[in-house]
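Reviewing the structure listed below.
Nothing in this text is a laboratory measurement; each read-out follows from the coordinates by a stated rule. What you see is a predicted model; the values in this text were computed from it and never measured. Cβ coordinates were reconstructed from backbone atoms using ideal geometry, including for glycine residues, and neighbour counts include every protein chain displayed.
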Amino acid sequence: MAETKIPEYLGTGRRKTAVARVRLASGNGKITVNGRQFESYFPLETLRVTAAQPLAVTGTAEKFNVRVNVTGGGPNGQAGAVRHGIARALLQFDANLRGALKAEGLLTRDSRMKERKKYGQPGARKRFQFSKR
C-alpha cells in the first residue's frame with residue numbers, strides 16, 4: 001500500500017532567540033503551533049496577526065495547513081519567528097510571491113538581539129556611578 005505523500009514546503013524563521021520550523025501542506029487554513037491550536041498558543045490578537053501576516057499578504061490563508069515547531073524566546077520573538085518561517089516556506093511553494101513578501105519586509109530576518117552584559121558593569125550599557133573624589 002503506497003501512500004500518496006502531500007508535498008510539504010519547509011521554512012525556518014528566526015527572531016531574537018526564537019527559532020521556528022514551519023511546514024506548509026495544502027489544506028484548509030488550519031495552523032498548529034507545537035501541537036496546539038493557533039488561537040490557544042498565541043492568545044493575543046496582535047501576536048496572531050503578526051504570525052499569520054505572510055498568509056494574509058499573499059492571500060493564501062485558506063490554501064495551506066501550517067504546522068510549526070517553535071522554541072526559545074518569548075511570545076513576541078516566537079510570533080516573529082513564525083512569521084519569518086511562513087514567509088520562507090511560501091517562497092519554496094511559489095517564487096513569484098517574493099515581490100509581495102519583500103515589499104512587506106517579511107523575508108528580512110530581524111537581527112535585533114539583546115545586547116550582552118559587560119564585566120565590571122551592572123548591565124549592557126549602564127555604568128556604576130562616577131565619583132571624582
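Assuming charge only on the beta carbon of Lys and Arg (+1) and of Asp and Glu (-1), the dipole of the range 8-103 about its Cα centre is about 300 debye to the nearest 20. Look at the dipole of the range 9-133 built from charges on Cβ: of 50, 111, 95, the Cα furthest out on the positive end belongs to 111.
Shown here for the range 1-85: GluC sites (Glu not before Pro) in loop regions (DSSP other than H, G, I, E, B) with at most 11 other Cβ atoms within 10 Å, namely 3, 62. Rounded to the nearest 5, what % of DSSP beta bridges with both residues in the chain are antiparallel? The antiparallel proportion sits near 85 percent. For residue 11, the shell of other residues with beta-carbons less than 9 Å away shows a net charge of +3, using +1 for Lys and Arg and -1 for Asp and Glu.
Please say if the range 7-84 is rounded, prolate or oblate, where rounded means a/c under 1.5 for a ≥ b ≥ c the square roots of the C-alpha gyration tensor eigenvalues, and otherwise the choice is prolate for a/b larger than b/c and oblate otherwise? Taking the square roots of the gyration eigenvalues as a ≥ b ≥ c, the range 7-84 is prolate.
If you keep only loop residues by DSSP, which trypsin sites (Lys or Arg not before Pro) in the range 52-125 have at most 10 other Cβ atoms within 10 Å of their Cβ? Counting only loop positions with at most 10 other Cβ atoms within 10 Å, the trypsin sites (Lys or Arg not before Pro) in the range 52-125 are 112, 114, 116, 125. Ignoring chymotrypsin sites (Phe, Trp or Tyr not before Pro) that are buried or in helix or strand per DSSP, and keeping those with at most 12 other beta carbon atoms within 10 Å, what is the longest stretch of the chain between them? Here the longest run is 1-118. Straight-line reach from residue 114: taking Cα to Cα under 22 Å and skipping same-chain neighbours fewer than 8 places apart, the lysines in range are 16, 126.
In summary, the lysines within cross-link reach of residue 132, defined as a Cα separation below 26 angstrom excluding same-chain residues under 8 places away, comprise 117, 118. Ellipticity at 222 nm from helices only: DSSP H runs of n ≥ 4 in the chain, each -39500 (n - 2.57), divided by the residue count, give -9500 deg cm²/dmol. Here the range 45-109 is treated as a Stokes sphere of Kirkwood radius computed over C-alpha pairs; at 37 °C and 0.692 mPa s its diffusion coefficient rounds to 276 µm²/s.
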